[in-house]
Amino acid sequence: MAAGPYNYSYIFKYIIIGDMGVGKSCLLHQFTEKKFMADCPHTIGVEFGTRIIEVAGQKIKLQIWDTAGQERFRAVTRSYYRGAAGALMVYDITRRSTYNHLSSWLTDARNLTNPNTVIFLIGNKCDLDAQRDVTFEEAKQFAEENGLMFLECSAKTGENVEDAFLDTAKKIYQNIQDGSLDLNAAESGVQHKPATPRNPLNTDTPPNKEGCAC
Amino acid sequence: METSNDDILPPSTPPTSRPSYTSTPNPSKPQKVNNNDEEAPPKAKNGKMPTEEELLAKLEAANRMLEEDEKSFNSLSAVPVTPGHSRKGSGSSVISSTSTNSHYSNSNETLWDVWGRLVNDWDTVRKRTGYLKELVRKGIPSHFRGLAWQYLLNVHDSPSKHLYVEYLKKTSPFEKLIRRDIARTFPDHEFFKEKDGLGQESLFNVMKAYSLHDREVGYCQGSGFIVGLLLMQMPEEETFAVLVKIMVDYRLRELFKPSMAELGLCMFKLECLIQELLPELYVHFNAQNFYTSMYASSWFLTLYTTSFPLAIACRIMDLFISEGMDAIFRLAIAILQSSQEDLLSLDMEGMLRYFQKDLRTKYESDPEQLLQISYQVKYSQKKLKKLEKEYTALKSKENEEQIELRRLRTENNLLRQRIECLEKESASLADRLIQDQVNRAQEAEITYALKNELAMTKQKLCDLTKKYEEADVLICEVKERTSSYENACNLTEDAATTLIQQLQEELIAVRLRETETNTLIKELKLKISELEDRAPSNDIQQLQEELIAVKLREAEANLSLKELRQRVIELESYWESHMERMQSLNSPKEKSSKQEVRQLQEETMTIKLREAQTLVNLKEMKQKVMELETQNQICTNQMRRMGDENKSIKTEMEAVAEHEKDLNNTIKDLKRKIDDLESQKREESMMFRIREAEKDQMLGSLKQTIASLEIEKAELLTTGQLLNKEGNQDLTNKIYDLQEEVGQFPKLLGL
């Protein structure tokens, strides 16, 4: 990782939402640490992770908020939707109930984020194909009907996890490029050239050292 | 990182922020001691057992020792840390921690005895709350911890233990959710590691039982860590009883209620405390958009069990059980206070990482340090109560706003839907408009065509009206006629038939008349032709007569002309003579001569007039002559034509006459032939009559012979009979001969 206070030109804020136990924290951990954490305590409130990625030659820092999945925690996590540029909406392909709750999560995401927020639907645990309870096709259809991007991933094997985070970033970047996402808007979820940090030492810590504290 | 943490480990907090709460520690210490002393005498008075006094004495001794420890700790922590001494500092801190640990072990030994006695005589000790609080702050020996917690909470004989057995038999609607989190609670801990092992099972049981016991709360993520920590110290039933107690008494259940409103309140309180006690940090947090809930949610929801290693978590639980939520708040402030320097140098991400990672290990070596700081934290409970009120007011307002917001959002949605509907409608209307315009254009074309047609039809109409008028006139006529007919028609059918008959009769009569007239016409035509044949000759005669008359008139006219000329000549001669006379007379009789001249002139004038008149007459006559001549010519022409016709007719007549002669000749020939044939016929008939007569004569003679022969036959028969059979054969032969003769007669007759 290149040292220096500004080794990225954008900060994108992400939020990961979805039912309890669908693997939100594991997805974040897989993305930030490139490791599967089998013994991941359940998230209380919110957790946080970052990683710097590259889209179209631009270094982008992803600030990812991982939320508690239980219904009653929405009261706590709702404030984290504000100003998210990307929302990863996760369900568990082996549990239909988590898929059935998507519309409620989507309502929250739509109501609490700005209209340009990229919502990415993730069907997690695709390594457990034998226990599959939600077909790819119907989820794909759901995504298309609601204008969402969609992938099936496995936090365990790492399959498609990078793609999900990167595709979201690409879409956001594209929105910036074509002008549909106003960087000056209060809650765009995107910061361009971050303000000078008080202590540069802490901003250039390599992304692989960052990540969720699960 | 660790080194930097160690740098901050000792109370390196800036002195400026300390006075607010550290200015009181000195008075507080004697207070505590006093408290103990104050509380001790009543117990001594109440004391029934002589051993109690000894116990008290021991406790006081232990107290004193602990105070000394505290002092030593304070003195140790009071050692100023110079920036250059960071490495050394870390070393000293390690030493200090070990020294405190040694203190710990020392005190633990005494604490063991103390806690042993306490547990044995809880009923008397429990009332000495101040003493117990201090004792707990020293740390409960791990062996006594489970018991101590139960005693402190007074649940060692709680009825909820019995309930627990009941709950185990039931099923909870939260079971699925609980199961989902069981494996994710203390996943690294030996006791809970094994899948479906004893630890996980008991954890599940307690969680399930509580979800049944407190249906309002049910199950909330986070509570599992608290239960897990409890289970590490005591069996399921006791854990359940303790859980129920802390949930209710320490308002923990408020935190876990589905609305989680209490958590917000806690965050708010903590924020206010930070603002009051750590203003610099508060400003920094605000500047970095670093919210309390980002790091402190789990502190309250899991009572630091997820934030610190278990050893510290257990100490914190001691405090919580002894002192309630206050302990948690004080710890929060203590953590922030001890980390203030680090945090101030970090941005939001850095702070988050600090709380997630560094904090966990920061106090691992010396938990007592943090606890000690927390004991020092002072804040006004009244103020917190006030804050609570403020918060509830704020929250209710927020709720109202939320409701309003939701209402507005639904309204917005409805409006959006309406807009969509209207947009669709407008689109369809636009389509219709275009369609209408197209239609209108088409219609305009059609109307143009129709107008043309109309003009044409109007013209036609004009024509037709004219025709109509004509027809009207006709109709009127017809009507008049029909009316007249109608009068007739009004009659009955019989009358009609009679009328028809009459009409038919009339028709027939008319036809007859017509034929008559036709015949008449023919006759007339014939007459005309006859007349025409006759007329010319008459005309010619008349014309010839006229011509003659005209010629006569001409001759007369010529004669009169000659006479007139003669008279003119006479007059001239007379005039000449007169002139001569005039000359002879000359001037003497000029006047009279003048009169004469005048008279003569008048005469000549009259004569000239007569002459003109005669000339006119002459001309008229000439014209008449001309006319007559032309008439004459025409007549002669006609005559010539007639003559020609006459000739042709005469030739025809001659031909016909010849034909007649021929025919007459043939008739005569035929008559002659007829006469010849008639004479021949007469001769032939005469010949027949003669032959007939001859034949009649022959027939008569033959009849005579037959009769004679028959007589002969009869004679012969009679003679034969007489002669018998002699001459029979001769007779029969004769008969045959005769019969043959008779047979020959008809043949002769036929000839």
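Please treat every number below as a calculation from the coordinates, not as lab data. The structure presented is a predicted model; accordingly, all values stated were derived computationally and were not measured. Here Cβ is always computed from backbone atoms with ideal geometry, including for glycine, and neighbour counts include all displayed protein chains.
Tabulated values for the structure
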| quantity | calculated |
| --- | --- |
| Taking the convex hull of Cα positions in segment A:103-193, its mean projected area over all directions (nm²) | 7.0 nm² |
| Spin-label pair B:Leu414/A:Gln131, simplified geometry with 7 Å Cα→Cβ offset, distance in nm | 4.5 nm |
| Chain A, relative contact order in percent, only Cα pairs under 8 angstrom and at least six apart counted | 32 percent |
| Between segment B:669-688 and segment B:440-480, the Cα center-to-center distance that results, in Å | 94 Å |
| Extension gain (nm, one decimal) between B:Ile674 and B:Ile500, 0.36 nm per residue minus Cα-Cα | 56.6 nm |
| Fraction of beta bridges assigned by DSSP in segment A:60-149 that are antiparallel (%, nearest 5) | 0 percent |
| Scattering profile of segment B:260-379 at q = 0.17 Å⁻¹ [log10 I(q)/I(0), Debye over alpha-carbon scatterers] | -0.81 |
| Among A:139-152, B:544-557, the order from most to least packed when residues are scored by Cβ within 10 Å on average | A:139-152, B:544-557 |
| Column: log10 I(q)/I(0), Debye, Cα scatterers of segment B:157-258, q = 0.13, 0.15 Å⁻¹ | -0.39, -0.52 |
| Sites B:Arg581 and B:Glu627 - FRET efficiency at Förster radius 56 Å, r taken between beta-carbons, to 0.05 | 0.70 |
| Between segment B:336-414 and segment A:32-79, the Cα center-to-center distance that results, in Å | 20 Å |
| Gain upon complete extension [B:Glu470, B:Ala449; 0.36 nm per residue less C-alpha separation] | 4.5 nm |
| Segment B:Leu571-B:Lys357, length gained on full extension (0.36 nm per residue, minus Cα span) | 58.6 nm |
| Shielding by partners - mean other protein chain Cβ count within 10 Å, residues of A:142-148 | 0 |
| Inter-label distance, nm, simple model (7 Å from Cα along the C-beta direction), B:Arg511/B:His162 | 14.3 nm |
| Cross-link table B:Lys551/B:Lys608; B:Lys245/B:Lys382; A:Lys59/A:Lys171; B:Lys245/B:Lys383, entries beyond 19 Å C-alpha to C-alpha | B:Lys551/B:Lys608; B:Lys245/B:Lys382; B:Lys245/B:Lys383 |
| Separation of the B:Lys522 and B:Lys424 label points, Cα + 7 Å toward Cβ, nm | 10.0 nm |
| Of A:Ser180, A:Ser154, A:Ser25, the one that fluctuates the most in a GNM where chain A has Cα springs shorter than 10 Å | A:Ser180 |
| FRET efficiency, 1/(1 + (r/R0)^6) with R0 22 Å, evaluated for B:Glu740 and B:Met698 via beta carbons | 0.70 |
| Residue mean of other protein chain beta carbons inside 10 Å, B:352-362 | 3 |
| Cross-link partners of B:Lys386 among lysines (Cα-Cα below 23 Å; sequence separation of 8 or more within a chain) | B:Lys257, B:Lys269, B:Lys378, B:Lys395, B:Lys397 |
| Distance between segment B:139-170 and segment B:176-252 - C-alpha centres, whole angstrom | 13 Å |
| Binned Cα-Cα distance frequencies in segment B:607-751 - 10 Å width, integer % | 9, 13, 10, 9, 8, 7, 7, 6, 6, 5, 5, 4, 4, 3, 2, 1, 0 |
| Distance violations [Cα-Cα > 19 Å] among A:Lys35/A:Lys125; A:Lys35/A:Lys156; A:Lys24/B:Lys193 | A:Lys24/B:Lys193 |
| Reach of B:Lys703 by Cα under 21 Å, taken over lysines that are not fewer than 8 positions away in the same chain | B:Lys695, B:Lys713, B:Lys734, B:Lys747 |
| Proximal lysines relative to B:Lys466, as straight alpha-carbon distance under 27 Å, when same-chain residues fewer than 8 apart are discounted | B:Lys451, B:Lys458, B:Lys479 |
| Cβ-Cβ FRET estimate between B:Glu194 and A:Lys140, R0 fixed at 56 Å, reported to 0.05 | 0.90 |
